[in-house]
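Below you'll find the structure, written out as C-alpha cells, and then a few comments.
The values are calculated or read from the model by the stated rules, or taken from the named source; none is laboratory data. Since this is a predicted model, take the numbers as computed values, not measurements. No Cβ is skipped: glycine too gets one built from the backbone with ideal geometry, and neighbour counts run over all protein chains shown.
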Amino acid sequence: MSDYVWTRELSLTEIVERPGVYVFRDAAGKVLYVGKARNLRSRLQSYRTPGGDGRLGIRFLDRDARSVETIVTRTEQEALLLEDTLIKQHKPPHNVRLKDDKSFLMLRLDGEERFPRLKFVRAHRPSEGKGKGRSRLFGPYASAKAVRQTLSDLHRVVPLRDCTDAVMNHRSRPCLKHQIGLCSAPCVGLIDEPAYAELVGRAERILSGDTAELEEDLDQRMRSASEAEEFELAAQWRDRLRALRRTVEGQGVRPGQRVSRDVLGLAREGAHALVHRLAFREGRLAESRTHRFRSELPDEELMHNVLTALYGGGRRVPPPEVVVAVRPADHELLEAGLGQGISLVVPRAGERRRMLEMAAENARAELRRRKSTEDSAEAAAQKLAEMVDLELDAPLVLDCFDVSNFQGSHVVASRVRFRAGIADRSGYRRFRVRSVEGQDDFAAMREVVERSLRRGHQEGELPHLVVIDGGAQQLVSALEAREDSGAWDVRIVSLAKARAERNVRGRRRAATEERLYFSPDRPFLELPRHSAVRHLLERVRNEAHRFAITYHRKERGRIRSKLDGIPGVGPARRKALLKRFGSVVGVSGASVEELAQVPGISSDLARTILEHLGSS
C-alpha cells in the first residue's frame, strides 16, 4: 500500500504499473472515490488534464481530493473484489451505489406434489428449468402484476389447482373456481393423477413458449363449435385462445429469438443521472428497471461504476452480452472481471441500437418525471420555510414525529426526515419510549423529540424544522423537549388534522381544514385545501404514521410470540389474556387467581403461563 499527497507536482512515475485499487481522500482523510485499474499509473494519469498543469479533469476531485492511496493486487480479479469491499466499507459519496437490487419474480412448479400447482416465488439468479429436486422455475417476469396476469390467463387454458395443500386436503366439494372452469377439482377426485399430469405437462410447454400445437387445437375447437352453431361454446374456446396468446406474448416469448442481454440506457441532467436497464433472458423481457443517482463523473467513468455496481461482488449473474451507450473506462479489466464470455457492446446500428435507443428514451422520460416531481417538492419546501420565517442557504431539512401504542402499552415512535421536500431514508429513526407508563402521548412525544434533538445537537445533524402530528398541546410538549435538549435554533410547528362533521341530513362536511400551529399562544393557520405546502405536510405526516405503525406491528408480533409459545394458549386465550391485562407485562404481573378468572384459563394453565413468562 502506498499513499501520495495529490499535488500538481506529484510524479506519476512513483506509481507502479500493476493492477490494483486507488482511493482518493479529502483533507480530513475521508474517502471520496474508489476505483480499480489494470494499470494504476496509466489510470491515474488519465485523470490529469492535458497541458501539464497537474489539475484533475473531474471537478469534485480537483476541488476536494488531497491524497490518493494505491493498493497493488496480484490479479485484475483481485482488484475487482477489493474495490467492491472498499466501497461497501467506506460508502464513498462519488461512487455509484445501486440500492435497487430486488430478486427476480418467478413461477415454480413443484413436481414432488401429488397434484402440482404453480407458486409465485422470488429467485436471485433466474435460470429457467432449474429448481430444487423435481421442481421447475419459469420466468423471470417484469412485475408481480405480470405474474398474476399470466396465472389468470393460464388457468383459463390449463385448469390447475391454485389452493394450498391444507385447503385441498380438507375440501368435501368443489369450489367456485371449478364451477367456472378455472380448476379441475383434484381435491374431490374429479380428475385422476394421470389426467392431471397431462395438464401439468401442457402448462410446462406453454410457459416454455411451445404453444403451436395447443393454439391449433383451440382454434379447431372454436371453428367446430361455430360451424355447429354452438356460439357460447365457440366464444369460450376463443377466450381461451386469446388468454393463451396473452400468456406467451405478454412476456415477450418468441421461439427462435433466444437472446440474453442487458441493455443500459443513460440519461443525464447536470449532476442527476439515471440508467434504465432492459433485461432480456431467453427471448423474454425479464426486467425493466431504473437506477438513479447523483454523479459528476464523465460518462465513461460513470458507466464503469454502474456496471461494477450492477454485477460486481456476485450481486447478479451478467448475461453474455451487455449493451451500453459508451465504452466504459478500463473496459478490458471490466470484461475480465465480469466473467469469461461476457462482452460489452456499443452498437452503431441494427437491433441492438434500436433496443439501446428504447432504453435511453425510457431513461430520459423517467429523469424528466422525477426531476419535475423534485422541483415541485423543493418549491413547496421553500414556501414552507418562508411561512415559518426560516432564512436558509441550504435545502430545508424537515423532521416529523409520530407516536404509536396498543391500549396504552408498548409505546413506540418514529422520525422521518425530508430534505428539499424529498424523503431522506438515511434520516429515518425508530424509538422505544422508555420513561412513559400507560397512554400519555404528550409525555411520549416529549421524550422522543428530546432524544432526537439531543443526539442531533451532539452529532451536528439537526434539522431546520420539526413537524409534530397534533395540536397545541403536542406542540407544548415538543417545545419543552427542545429547551431540555439545547437545540434552541430548531423551529417547531404542529399540524392538526382536518375535522369533519355531519349536517342535519347526515352528510359529512369539513368543519376545519388542516391547521398549522406556530406557537401555543398564537392563532393557528388554516392551510388551503389545494396548497402545495399542505400537500407536502400531509405527505410527511402520513409517512411518519406509516413508519410508526410498521414498527409497532413488528414489536407487537415479538411480544405476542411469548404467549404463543405457551402450551395450551391458542389465539382465543391469548386474545382474552391481552384484553383483560393489556399486555404481556400485565399478564406476567398477575396472580394465579387473577389469571384463572379469565374464561378458558384453569388454575393449572395459569401456573404454566406464569412459569413460562418468568423463565423467558
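The set of residues in region 30-50 that are of a type in the set (Gly, Ala, Ser) and either in contact with a strand residue (DSSP E or B) (Cβ under 7 Å, 6 or more places away or on another chain) or modelled with pLDDT of 85 or more (or both) comprises GLY35, ALA37, SER42. Candidates are the residues of region 11-29 that are over 16 Å from GLU332 (Cα atoms) and touching an Asp or Glu at 6+ places or on another chain (Cβ under 9 Å); the one that is modelled with the lowest pLDDT is ALA27.
Would you say PHE418 is touching a helix residue (DSSP H, G or I) at 6+ places or on another chain (Cβ under 6 Å), buried (at least 19 other Cβ atoms within 10 Å of the Cβ) and touching a residue at least 60 places away in the same chain (Cβ under 8 Å)? So PHE418 fits the description; yes. Out of ASP330, ASP389, one residue alone is more than 30 Å from LEU81 (Cα to Cα) and not assigned by TED's automatic domain parsing to the domain that holds LEU86. It is ASP389. Scanning for something modelled with pLDDT under 85, part of a strand (DSSP E or B) and surrounded by fewer than 19 Cβ atoms within 10 Å (Cβ to Cβ), does region 393-410 turn up at least one residue? Yes, the conditions are met somewhere in region 393-410. Among the residues of region 566-616, those that are closer than 22 Å to ASN405 by Cα, of a type in the set (Lys, Arg) and either in the same structural domain as VAL411 (by TED's automatic domain parsing) or surrounded by fewer than 17 Cβ atoms within 10 Å (Cβ to Cβ) (or both) comprise LYS575, LYS579, ARG580. Among the residues of region 278-292, are any under 30 Å from LEU61 (Cα atoms) and either in the same structural domain as LEU40 (by TED's automatic domain parsing) or of a type in the set (A, V, I, L, M) (or both)? No. Can you confirm whether LEU310 is in the same structural domain as ARG352 (by TED's automatic domain parsing), at pLDDT 85 or above and surrounded by 20 or more Cβ atoms within 10 Å (Cβ to Cβ)? Spelling it out, it is not the case that LEU310 is in the same structural domain as ARG352 (by TED's automatic domain parsing), at pLDDT 85 or above and surrounded by 20 or more Cβ atoms within 10 Å (Cβ to Cβ).
Just wondering, is there one or more residues in region 340-359 that are assigned to a loop (DSSP other than H, G, I, E, B), surrounded by 18 or more Cβ atoms within 10 Å (Cβ to Cβ) and not polar (S, T, N, Q)? Looking through region 340-359, none of the residues is assigned to a loop (DSSP other than H, G, I, E, B), surrounded by 18 or more Cβ atoms within 10 Å (Cβ to Cβ) and not polar (S, T, N, Q). ARG482 passes every criterion in (1) under 28 Å from ARG451 (Cβ atoms); (2) charged (D, E, K, R); (3) at pLDDT below 85; (4) touching a strand residue (DSSP E or B) at 6+ places or on another chain (Cβ under 9 Å) apart from (3). Close Cβ contacts (under 7 Å, 6 or more residues apart or on different chains) running from residues in region 437-459 that are among the basic types (Lys, Arg) to residues that are surrounded by fewer than 19 Cβ atoms within 10 Å (Cβ to Cβ) comprise ARG446/GLU480.
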